[in-house]
Amino acid sequence: MSFAAHIITAYPDMFPGPLGESLQGRALADGLWRMTMHDLRDFGVGKHQNIDDTPAGGGPGMVLRADVAAAAVDHVTAQNPLPVILPSPRGGPFTQSLAQEWAKGDGLIFICNRFEGVDERFIAARQPLEVSLGDYVLGGGEIAAMVMLEAILRLVPGVMGKLESGADESFSPANDGLLEYPQYTRPQSFEGLDIPDVVTGGDHKKLAAWRRAQAEALTQNRRADLWADFLKRKK
Ligand code: ADE
C-alpha cells in the first residue's frame, strides 16, 4: 500500500502545489503516495455552509467550528484509520525523527486551520496531534502540512532515488543528530577556492574522519541545543 495523505482544508486548490513537482511529484505520478483532498466547506453548516464564526468572548478573526472540524475528521477516519495531525504554532516541534516514524506508517490525515484557530472542544473531543514547524505564526496549516509531507515523503521507500540518500544528512541517527558536513562538486576551483584535498584524495578513512570533524564543528558553532544533546548521548 502506498502512503496516503488526506488533507482537510478550506483551500483544496493549494494542493498538491510544490508536492506535485520534483521527487515528490514523480512519486505521486508513480503511485508511491496518494493525496486525497477533503473540502471543509462540504461539512459547513446552514444555508451558507459556514465553517467558522467569531471568537466567543470577543477578539479578532474567526474560529473554525468544532462541529465542522469533527464532522470532516470523522468522515475521513471512518474509511481511513490514520493519525490526525493539526498543524499549529501551539503544537510540539516537528522533527526529523517524527518524519522518519511517520514515513514508516500507512499515511496521515492533516486538518488545516486558517483563521484564529479551531474551537478547543474539537481538540478535546478528537485529540488530534498538534504539531508546530517552529516559533512563528503562519496564515494557516496548509503550507505547514506541505512542509511536513515533503520531509516525510522523501523518506517513504522508493520516493528517493538510489542516487540520493537520507542516511547521513543533518539530524539523522546515522549522523548522530549532527548537522551535515560540507559538500562539493565540480569545478575543482571556484573563484580561487579549491575543493579540500582530503575530499578528492581517495583516502576513505581520512575523509570520513574529516567529515565527522566538520559535522561536529558546525553543530557546536551553530546549534548549541543539538550540540548539548549530542554530548549528553555520548556520555
Ligand atoms: N499554523 C500556523 N503557524 C504554524 C506553525 N508555526 N506550525 C504549524 N502550523 C502552523
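The values are calculated or read from the model by the stated rules, or taken from the named source; none is laboratory data. Remember, it's a predicted structure, so these values are computed and weren't measured experimentally. Here the Cβ positions follow ideal geometry from the backbone for every residue, glycine too, while neighbour counts run over all protein chains shown. Side chains are part of the model used for accessible areas, which takes the heavy atoms of the whole protein and leaves out ligands, DNA and RNA. Shrake-Rupley method; radii C 1.70, N 1.55, O 1.52, S 1.80 Å.
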For this session: Assess whether Ser88 counts as being surrounded by fewer than 18 Cβ atoms within 10 Å (Cβ to Cβ), on the phi < 0 side of the Ramachandran plot and polar (S, T, N, Q).
Result: no
Exercise. Among all residue pairs at least 6 apart or on different chains, which show Cβ distances below 7 Å where the first residue, located in region 123-137, is without any contact (Cβ under 8 Å) to a residue 60 or more places away in the chain and the second is away from the ligand (no atom under 14 Å from the Cβ) and open to solvent by 50 Å² or more (accessible area, probe 1.4 Å)?
Worked result: Leu129/Pro83
For this session: Identify, from the list Asp119, Asp135, the residue that is more than 15 Å from the ligand (Cβ to nearest atom) and either within 20 Å of the chain's Cα centre (by Cα) or more than 19 Å from Thr36 (Cβ to Cβ) (or both).
Result: Asp119
Exercise. Do you know which residues across region 57-85 are open to solvent by less than 50 Å² (accessible area, probe 1.4 Å) and either within 16 Å of the ligand (Cβ to nearest atom) or closer than 26 Å to Val156 by Cα (or both)?
Worked result: Gly61, Val63, Leu64, Ala69, Val73, Val76, Thr77, Asn80, Leu82, Val84, Ile85
Exercise. Name the pairs: first residue in region 75-93 and outside the structural domain of Gly117 (by TED's automatic domain parsing) and in contact (Cβ under 8 Å) with a residue 12 or more places away in the chain, second residue open to solvent by 70 Å² or more (accessible area, probe 1.4 Å) and not basic (Lys, Arg), Cβ to Cβ under 9 Å, at least 6 apart or on different chains?
Worked result: none
Exercise. Based on what the data block shows, is Gly140 within 16 Å of the ligand (Cβ to nearest atom) and either more than 29 Å from Leu23 (Cα to Cα) or of a type outside the set (Gly, Ala, Ser) (or both)?
Worked result: no
Problem set entry | Enumeration of residues in region 86-98 that are hydroxyl-bearing (Ser, Thr, Tyr), within 16 Å of the ligand (Cβ to nearest atom) and not in a strand (DSSP E or B) | Thr95
